[in-house]
1. Sort through 100, 150, 143 and tell me the only one that's more than 20 Å from the chain's Cα centre (by Cα) and either of a type outside the set (Asp, Glu) or modelled with pLDDT under 85 (or both).
2. In this structure, is residue 169 under 25 Å from residue 52 (Cα atoms) and surrounded by 15 or more Cβ atoms within 10 Å (Cβ to Cβ)?
3. Considering each residue of segment 113-134, count those that are under 20 Å from residue 80 (Cβ atoms) and in contact with a Ser or Thr (Cβ under 8 Å, 6 or more places away or on another chain), and give that number.
4. Is it the case that some residue within segment 207-229 is under 29 Å from residue 84 (Cα atoms), in contact (Cβ under 8 Å) with a residue 60 or more places away in the chain, of a type in the set (Val, Ile, Thr) and touching a strand residue (DSSP E or B) at 6+ places or on another chain (Cβ under 8 Å)?
5. Is it fair to say residue 211 is outside any strand (DSSP E or B) and modelled with pLDDT under 95?
6. Can you name the residue in segment 179-206 that is free of Cβ contacts under 8 Å to residues at least 24 places away in the same chain and either of a type outside the set (S, T, N, Q) or in contact with a helix residue (DSSP H, G or I) (Cβ under 6 Å, 6 or more places away or on another chain) (or both) and, of all such residues, is surrounded by the most Cβ atoms within 10 Å (Cβ to Cβ)?
7. Does segment 187-195 include one or more residues that are over 21 Å from residue 120 (Cα atoms) and at pLDDT 95 or above?
8. Name the strands (runs of 3 or more DSSP E) wholly within segment 110-207 that hold at least 2 residues that are at negative phi and among the β-branched types (Val, Ile, Thr)?
Amino acid sequence: MRRLRKHRRSPGNRAATLKLLAAPLALILLCLLLSAPRVKKSDVCALKMPGDAILRVYQMNSRHGLDFAELLAIYCFENKFFPDKSYDFSEAGIDTIKYGRHGRLRRSVRPYYEMFQTLLSEIECFPLETADSPPYIYGDSWGTSASMTGCIILDRDNSSGRLLTRAMSAGAVESTGRDSAGGFRVTILTSGGTRFIYSRLSALADGIRPGAQIPAGAPVGFIGRGGKARNPAGAVVSISLKTRFGQIYINPYPFLRYIESTGRL
């Protein structure tokens with residue numbers, strides 16, 4: 001009997017097959033690339049996420065079987081970090097399934113997940129004493145002036161030196177001094193490399209000096225007017241943290257709303 005010879009694909013045929021597959025694979029990769037939201041550093045910093053949105057994400061995270069930081073990262077990434085302060089909050093709009101299926105999308109979200117995970121683990125309390133009728137008012141003041149990279153919390157009675165600002169997180173006092181407006185400024189550095197900055201203070205609390213270890217909730221200083229009598233009495237809270245863009249300031253307003261409502265510490 002004549003033996004059947006095994007057909008061996010020649011190098012030329014193999015190369016032709018790979019060439020035919022290259023175009024469809026390239027198209028698939030391009031579609032994945034275009035389907036992922038493009039995020040700008042300026043939008044991550046401004047984080048114009050409405051205060052009620054972060055609270056609703058916090059309330060629904062258990063239904064998705066994800067931790068708060070991961071769901072928040074996916075939600076912000078899908079909305080490109082809210083460049084126009086508009087958002088789609090339908091739960092169907094938070095497509096967590098595709099982030100589990102596509103490794104590239106998981107890698108896209110991971111830097112923001114790590115950023116939120118670090119920050120949310122460090123924030124332990126609101127920077128002022130809360131109450132049913134809080135003696136303070138605040139809103140999203142990010143970018144209201146060229147130098148505003150934080151959130152200003154105002155004394156409801158407009159009384160300088162009346163309300164005490166407290167540390168949102170444990171850490172070491174990295175520096176103290178005067179801010180550009182003439183008020184006192186305190187920077188507290190956490191073990192994770194996040195800086196919580198309190199400025200426009202009328203005076204510092206006892207024990208606030210460079211190198212001092214401060215627990216969360218410890219007094220930092222008193223609300224002031226930033227060295228100008230005509231200014232309303234208030235304090236500015238800023239947050240600077242490590243991200244994929246380097247060390248940046250990020251809008252603290254959504255996190256203030258979150259910690260004020262959840263009442264940790």
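The values are calculated or read from the model by the stated rules, or taken from the named source; none is laboratory data. None of these values were measured; they are calculated from a predicted model. Methodologically, a virtual Cβ is constructed for each residue, glycine included, from the backbone with ideal geometry; neighbour enumeration extends over all protein chains shown.
1. On the way: 150 fails: more than 20 Å from the chain's Cα centre (by Cα); 143 fails: more than 20 Å from the chain's Cα centre (by Cα).
Unique residue meeting the criteria: 100.
2. Values: under 25 Å from residue 52 (Cα atoms): yes; surrounded by 15 or more Cβ atoms within 10 Å (Cβ to Cβ): yes.
Answer is yes for this residue.
3. 2
4. Keep residues of segment 207-229 that are under 29 Å from residue 84 (Cα atoms), which gives none.
Checked against the condition, which is being under 29 Å from residue 84 (Cα atoms), in contact (Cβ under 8 Å) with a residue 60 or more places away in the chain, of a type in the set (Val, Ile, Thr) and touching a strand residue (DSSP E or B) at 6+ places or on another chain (Cβ under 8 Å), segment 207-229 yields no hits at all.
5. Values: outside any strand (DSSP E or B): yes; modelled with pLDDT under 95: no.
In short, no.
6. Here is the first cut: in segment 179-206, the residues free of Cβ contacts under 8 Å to residues at least 24 places away in the same chain are 185, 187, 189, 191, 206.
So of that shortlist, the ones also either of a type outside the set (S, T, N, Q) or in contact with a helix residue (DSSP H, G or I) (Cβ under 6 Å, 6 or more places away or on another chain) (or both) come out as 185, 189, 206.
Working: 185: 21, 189: 18, 206: 7.
That would be 185.
7. Going residue by residue through segment 187-195, those that are over 21 Å from residue 120 (Cα atoms) are none.
Within segment 187-195, none of the residues are over 21 Å from residue 120 (Cα atoms) and at pLDDT 95 or above.
8. Details: elements: 136-138, 151-155, 164-166, 171-178, 184-189, 195-204.
In segment 110-207, the matching strands (runs of 3 or more DSSP E) lie at 151-155, 171-178, 184-189.
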